[in-house]
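S.K.: Let me begin by handing over the structure; questions about it come next.
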Amino acid sequence: MSFEEGWEEFVNHHGLKLGEILIFKHNGKRAFNVVAYEALGSEKRYDSKGKSPSEATASSTSRTSFVCTMKKSHGDPHKAYLTIPARFARSNGIVATSRIILKDPSGRSWPLILSRWESISRGSHRIAIRTNGWYKVYEANKLKNGDVCTFNLKPVSSKSGSKSARVMDVQITCG
């Protein structure tokens, strides 16, 4: 099966770029659900604002927040991780940070260590909250597949300086 008619419009309408990945789920006849992933593996978010999914446009979330829908890999006790979108990390200076404090909806603070790994062949890198720390947050907040987490980065306090751990609040919407 291939897509020909309307493909260029689809790509332009959804702001797709070279290197991004699309996963299609066939719903019968000529209907598909599509999930888009940015080149570094983060799910691309779309903001429907009351529109049908086919009319949705790329999310215009602020530079200080990102959204992630929980999947099975986020809750795997042996290899749980949460990738921080590369554009978000770069624009907020998180690439140079090794620690972050996550504040959950109950007000609990979770000091977390960030990991960074590079893909030499692609000339890119990923930043993620890895295994133990992230899994504890996942379990304590009873997260499950389909839950949506919105992460909001707090401004750097002039007293704390840029060398201290950054603070991020997380809001959880049950999926």
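S.K.: Once both labels are modelled 7 Å past Cα along the beta-carbon direction, what's the K71-F24 spacing in nm?
M.R.: Calculated label separation equals 1.9 nm.
S.K.: Suppose the chain between R108 and V156 were pulled fully straight at 0.36 nm per residue; how much longer would it get relative to their current alpha carbon spacing?
M.R.: 15.4 nm
S.K.: What is the distance, in nm, between label points placed 7 Å from the Cα along the Cα-to-Cβ direction at S98 and at F10?
M.R.: 4.5
The numbers here are math on the coordinates, done by the rules we state, and not lab data. If you're wondering where the values come from, they're calculated on a predicted model, not measured in any experiment. Positions of Cβ are generated from backbone atoms using ideal geometry, with glycine treated the same way; all protein chains shown enter the neighbour counts.
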